[in-house]
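Participant: Pasting in a structure now, in structure tokens, and then I'll have a few things to ask.
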Amino acid sequence: MFIGHFAVGFAAKKYAQRTPLVLLLAAPLFADLLWPIFLLVGWEHVRIDPGNTKFTPLDLYDYPWSHSLLMDCVWATAFALIYYAIARYWPGAVAIWIGVISHWILDWLTHRPDMPLYPGGPRFGLGLWNSVVGTLAVEIAMFAIGVWVYMRTTRPRDRIGRYAFGAYVAFLFGGPPPNVTTLIWSAIAAEVILVLWAWWFDAHRGLRDSFRTSPTRTSVGFSL
């Protein structure tokens with residue numbers, strides 16, 4: 001699962017409207033934000049194995065600290081508590097907690113049985129990645145719904161809020177890396193870019209309800 005994780009973050013804006021999108025996206029992506037760092041320091045391992053599944057060549061044989069269900073619960077609780085201690089906003093804390101946990105659930109749907117329940121524990125996975133058509137259908141549908149919910153919840157204040165958001169959506173489609181080293185460094189670079197990019201365009205968008213209640217703003221039609 002890749003863009004499906006982004007779908008969860010985009011959709012969460014409807015529930016936690018005061019929480020910045022960058023945090024709502026970081027929650028379902030949190031395991032993947034940790035993963036390249038843990039690969040780099042040698043705590044986890046991955047192989048490029050063409051044919052491992054029909055959708056991706058990654059052999060995800062060792063990633064218990066970033067991707068096990070138990071550790072995702074730990075990361076989710078820590079992330080949510082830190083956010084609540086700073087923001088004092090329960091809907092945002094709940095959305096963040098659910099978002100982090102959702103990563104394991106969505107990966108369980110798509111991965112072959114390599115998703116650990118806890119470090120050293122049994123592994124699970126339904127293997128949707130063995131169907132390219134099925135994977136694309138599920139991920140694209142989820143992503144479209146998530147983006148649609150975000151668009152129904154917010155609207156652009158200016159061109160940055162419209163076009164930077166549109167470019168971000170288009171950017172999220174890409175191919176697999178050729179080797180593990182490229183995988184690690186491209187993942188780290190992508191994390192920095194995508195996090196800052198989401199913060200940038202979300203700062204130039206406002207809640208649709210605030211536009212409707214403001215006497216100085218009017219809205220016509222439907223916009224990105």
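The values are calculated or read from the model by the stated rules, or taken from the named source; none is laboratory data. Since the structure is predicted, the reported quantities are computational estimates derived from the model, not experimental observations. Using ideal geometry, Cβ is built from the backbone for each residue, glycine included, and neighbour counts are taken over all protein chains shown.
Participant: Here are ILE184, ILE145: which of them is at pLDDT 70 or above and either among the aliphatic types (A, V, I, L, M) or exposed (fewer than 14 other Cβ atoms within 10 Å of the Cβ) (or both)?
Facilitator: Going through ILE184, ILE145 in turn, just one is at pLDDT 70 or above and either among the aliphatic types (A, V, I, L, M) or exposed (fewer than 14 other Cβ atoms within 10 Å of the Cβ) (or both): ILE145.
Participant: Still on this structure, I have one more. Are any of the residues in the stretch 41-48 out of contact with any strand residue (DSSP E or B) (no Cβ under 8 Å at 6 or more places or on another chain) and in contact (Cβ under 8 Å) with a residue 40 or more places away in the chain?
Facilitator: No.
Participant: Can you find a residue in the stretch 96-115 that is among the small types (Gly, Ala, Ser), within 16 Å of the chain's Cα centre (by Cα) and at pLDDT 95 or above?
Facilitator: Among the residues of the stretch 96-115, at least one is among the small types (Gly, Ala, Ser), within 16 Å of the chain's Cα centre (by Cα) and at pLDDT 95 or above, which makes the answer yes.
Participant: Now for a separate question. If GLY120 passes every condition in (1) over 18 Å from PHE6 (Cβ atoms); (2) touching a residue at least 60 places away in the same chain (Cβ under 8 Å); (3) not in a helix (DSSP H, G or I) but one, which one does it miss?
Facilitator: (2)
Participant: In the stretch 15-32, which residue that is part of a loop (DSSP other than H, G, I, E, B) and surrounded by 15 or more Cβ atoms within 10 Å (Cβ to Cβ) is modelled with the lowest pLDDT?
Facilitator: Here the residue is LEU29.
Participant: Somewhere in the stretch 68-79, is a residue free of Cβ contacts under 8 Å to residues at least 12 places away in the same chain and over 18 Å from LEU106 (Cβ atoms)?
Facilitator: Yes, some residue in the stretch 68-79 is free of Cβ contacts under 8 Å to residues at least 12 places away in the same chain and over 18 Å from LEU106 (Cβ atoms).
Participant: Being in a loop (DSSP other than H, G, I, E, B) and at pLDDT 90 or above is the filter here; which residues of the stretch 33-73 pass it?
Facilitator: Those that are in a loop (DSSP other than H, G, I, E, B) and at pLDDT 90 or above: GLY42, TRP43, GLU44, TYR63, SER68.
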